[in-house]
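Reading through the structure tokens given below for one structure.
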Amino acid sequence: MTGAASPSAPVAVVAGAGGAGAATAGALAAAGFHVVVLDSREEAARAAVSPVLAGGGSGESHAIDLLDIPAVQALHDDLVSRRGRVDALIHLVGGWRGSATLEPASAENWFALQAPVVGTLAVLTSVFGATVRSSDTGRMFMVTSTAAARPTAGNVAYAAAKSAAEAWMAGVAHYLRDSAASAVVVAVKALLTDSMLAENPGKEWPGYTHVDVLAAALSDACVHPIDNGARVDLTAAGYSPT
């Protein structure tokens with residue numbers, strides 16, 4: 001699914017077509033970006049970009065295995081051939097697994113989370129890194145959880161995966177030194193969507209960050225200067241019931 005856009009429009013790749021991906025695609029399209037939504041699920045990728053196209057924005061969607069390096073490289077090459085640039089890479093691929101305490105399942109959870117949380121980030125930043133680095137407004141983002149700094153016995157696998165991803169992003173920031181591009185980590189406790197609100201009327205969500213707040217912060221950081229290696233903490237921008 002593809003929508004037309006000015007050839008000179010900045011290009012943002014949004015990896016992950018869940019609630020955060022759809023919200024971010026919409027915010028970036030409103031800011032004038034051509035958005036490229038990637039997900040392993042074709043229907044989800046299409047659904048995330050459909051509102052962009054319906055609203056007159058520019059975008060496209062691709063179903064792709066983000067752990068398949070040759071496939072991601074081929075997509076990158078095709079995108080650069082058609083658009084001539086990639087200015088932003090936003091990693092919103094995640095997942096969560098936990099257990100009651102430290103037990104054999106904790107190791108199983110660690111193995112299961114390495115690929116989506118760390119592996120996809122590694123592939124995307126490695127493949128798109130040089131192109132984003134060449135942009136005068138290059139940005140690469142990942143979203144972490146405050147759980148990474150406070151592991152518990154029950155969430156140790158998730159916290160370790162997020163910590164590993166943050167370490168990877170520190171290496172990305174080092175790669176981007178002496179360029180105009182920036183690697184940025186955005187921290188939340190957890191994300192909240194409209195569907196979660198609808199399914200749980202009256203429930204409070206202390207410390208949760210609505211995906212629209214995340215999307216606005218990402219879009220703002222794409223169009224305004226931000227330091228390489230910056231950490232944006234959105235935990236104070238949690239959802240408050242009205």
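In table form, for the structure just shown:
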{"quantity": "Helix axis angle, 69-83 relative to the chain longest principal axis, alpha carbon, degrees", "calculated": "40"}
{"quantity": "Mean ellipticity per residue at 222 nm, deg cm²/dmol - from DSSP H runs of n ≥ 4 across the chain, formula -39500 (n - 2.57)", "calculated": "-13500 deg cm²/dmol"}
{"quantity": "Rounded to 10°, Cα long-axis angle of helix 42-54 versus longest principal axis of the chain", "calculated": "60"}
{"quantity": "Which of W205, A165, P104, positive extreme of dipole for the chain (C-beta unit charges)", "calculated": "A165"}
{"quantity": "Cut-off under 5 Å, modelled amide H: who pairs with R139 long-range", "calculated": "A88, L89, S182"}
{"quantity": "The chain: angle of helix 156-175 to the longest principal axis, Cα-based, in degrees nearest 10", "calculated": "30"}
{"quantity": "Cβ charges +1 (Lys, Arg) and -1 (Asp, Glu), total dipole of the chain, debye", "calculated": "300"}
{"quantity": "Relative packing of peptides 180-191, 28-39 - highest average C-beta neighbours within 10 Å first", "calculated": "28-39, 180-191"}
{"quantity": "Under the Karplus curve 6.51 cos²θ - 1.76 cosθ + 1.60, θ = phi - 60°, whole-Hz ³J(HN,Hα) for segment 177-185, x wherever Gly or Pro sits", "calculated": "4, 6, 10, 8, 8, 9, 9, 10, 9"}
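A short reminder: the numbers here are calculations on the coordinates, not readings from a lab. Every value quoted in this text rests on a predicted model; they were computed, and no experiment measured them. Quick reminder, even Gly has a Cβ in these numbers, built from the backbone with ideal geometry, and neighbours come from all protein chains shown.
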